[in-house]
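Asker: One structure coming up, written as structure tokens, with questions to follow.
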Amino acid sequence: MPRRLLTLTRLLALGLLLLPGVPASAQGGSPAQLSGSVFKLFGQVGGTPATPVSPTPASPTPVNLDALKFRPSAEVRQRAIAAFLNTVDEQSPEVGAEFQKVFASTDFFAGLEGQARALFGLSTSNLADTWALYWAYSWLLSQGRSDDPTRAQVAGLRAQMGALMLKLPEVRAYSEARRQEISDTLMLQLTLYSVLSEGWKDDPASLKEFGQGIARSSRTLGLDLNQVTLTPQGFVPRK
């Protein structure tokens, strides 16, 4: 997807349109609502810049996050793709057409699944996994970086925030379809971020500007990405 298809302004607008602070349309839950709830609980148990205390100690017994798995539904997935394409088309028909070709010619989510397993040993059919992937890359982008997180960093974030998700009654009550709706939306947003960051590898100023937008958006959800560091223990306050 050549960067020349869009001006810088339109690229930024397209990316900012799908930042985490912009709620997706969904009854009973959205990526933004879920992230906000998790970050609120994260602040209560320790670790946010607003209350600079020691990070929550790791649980001696790993939390079983199988409760956040789902069996992918083709119908749910097509709705997520259609909503994504509609949003992209409104900002850039050219980019929307390119994504449409990709979705029509390949099993897009199968490709994402393969990458998630190869790089991180994770699955796109578990909300804890996709949430960790999304926010790990969002943190890197907020720091003006276009590289990949380490497997240990993503595993730490998954364990840390997955445990908090399971403390939320609304998350425990999610149907498999709701878990998939949020998960698929996160992965589609992350794919767009990947396209943008790839286009800006040689344009650090634009990458930094986009990352600052992510940081601003995350603050509306309760977490300042500029005040935490991603580690094998998850997010910890920056010293």
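None of the figures in this text is laboratory data; all of them are computed from the coordinates on show. If you're wondering where the values come from, they're calculated on a predicted model, not measured in any experiment. When we count neighbours, we look across all protein chains shown, and the Cβ atoms used for this are built from the backbone with ideal geometry, even at glycine.
Asker: Taking 7 Å along the Cα-to-C-beta vector as the label spot, tell me the Gln227-Ala67 distance in nanometres, rounded to one decimal.
Answerer: That separation, rounded to one decimal, is 3.0 nm.
Asker: Now for a different question. Using Cα centres only, tell me the gap between segment 213-228 and segment 147-161 in whole Å.
Answerer: 18
Asker: Report the calculated FRET efficiency for Glu170 and Ala104 (r = Cβ-Cβ distance, R0 = 35 Å), to the nearest 0.05. Don't skip to the end; give the middle numbers.
Answerer: Details: r = 35 Å, r/R0 = 1.01.
My answer for the efficiency is 0.50.
Asker: OK, next. Give, in nm to one decimal, the length gained when the segment between Leu119 and Arg238 is fully stretched (0.36 nm per residue of separation minus the Cα-Cα distance).
Answerer: Computed gain between Leu119 and Arg238 is 40.2 nm.
Asker: If you don't mind, another one. Compute the label zone of Arg151 within segment 102-117: residues whose backbone N is under 14 Å from the point 7 Å along Cα-to-Cβ.
Answerer: 115-117, by backbone N distance to the label point.
Asker: Semi-axes, largest first, in whole Å: what does sqrt of 5 times each Cα gyration tensor eigenvalue give for segment 144-229?
Answerer: One finds semi-axes of 27, 16, 13 Å for segment 144-229.
Asker: Extension gain Asp202-Leu41, at 0.36 nm per residue separation less the Cα-Cα distance, in nm?
Answerer: Between Asp202 and Leu41, full extension yields 54.2 nm more.
Asker: How would segment 95-205 be classified by its alpha-carbon gyration tensor: rounded, prolate or oblate, with rounded meaning a/c under 1.5 and the a/b versus b/c comparison settling the rest?
Answerer: oblate
Asker: Also, I was wondering about something else. For Arg216, what charge total do you get from the other residues with a beta carbon under 12 Å from its beta carbon, if Lys and Arg give +1 and Asp and Glu give -1? Write out the running numbers ahead of the final one.
Answerer: On the way: positive: Arg219; negative: Glu209, Asp224.
Net local charge, Arg216 excluded: -1.
Asker: Also, I was wondering about something else. From the phi of every residue in segment 110-118, what ³J(HN,Hα) in whole Hz does the Karplus formula 6.51 cos²θ - 1.76 cosθ + 1.60 yield, where θ is phi - 60° and glycine or proline is x?
Answerer: Values, residue by residue: 5, x, 5, 4, x, 5, 4, 6, 5 Hz.
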